[in-house]
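Input: a single structure, listed below in structure tokens.
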Amino acid sequence: MGTQETYLFDIALDVLIGVITLSLLLCFVRLYRGPNVPNRTAAFDAIALHSVAIIVLFAMRSSSTSLLDVAIVTAVLGFLGTTMMAQYLERAAGRGWLASDGAPRQSTSARVAAEVAEQDEEDSNRVLPAKRDV
């Protein structure tokens, strides 16, 4: 590429980084103001995606291949975080912690801890069938 094309490419990368950064800030607003846990989970996932995009654009801008490794690790951690939050939401819905609209019920942390302890006690008291020797 010639000098002019390189200059235009750098400007395009700078504009893209700026646009994605603005979008990232809006995702942080959604994370803060989200009316319920599923909206906050979607905002977290979008933040992870935007972070990966910004890291990749910086890697392209600086011609640094080591930043691509950082982007891969960030993507994996974002995926794991979203997966763990989805698992939490499924458990919470099964235990009745969420209201019908998906928002967490208003309860004290002591009540929630007691419900978890009770459920764990029931799980540990379950009798498994004995193994038979053949």
Report task. Go through segment 65-79 residue by residue and tally those that are loosely packed, with under 13 Cβ neighbours inside 10 Å, hydroxyl-bearing (Ser, Thr, Tyr) and within 22 Å of THR41 (Cα to Cα). Result -> 0
Report task. Determine if segment 33-51 includes at least one residue that is surrounded by 12 or more Cβ atoms within 10 Å (Cβ to Cβ), outside any loop (DSSP other than H, G, I, E, B), in contact with an Asp or Glu (Cβ under 9 Å, 6 or more places away or on another chain) and of a type in the set (A, V, I, L, M, F, W, C). Result -> no
Requested in this report: Go through segment 2-32 residue by residue and tally those that are in contact with a helix residue (DSSP H, G or I) (Cβ under 7 Å, 6 or more places away or on another chain) and either hydrophobic (A, V, I, L, M, F, W, C) or not in a helix (DSSP H, G or I) (or both).
Outcome: 8
Query raised in the report: Which of the following residues is touching a Leu at 6+ places or on another chain (Cβ under 6 Å), of a type in the set (A, V, I, L, M) and modelled with pLDDT of 90 or more: ALA53, ALA71, ALA48, ALA43?
Result: ALA43
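The values are calculated or read from the model by the stated rules, or taken from the named source; none is laboratory data. The model shown is predicted, which means the values in this text are computed figures rather than measured ones. All Cβ positions, glycine included, derive from the backbone under ideal geometry; neighbour counts span all protein chains shown.
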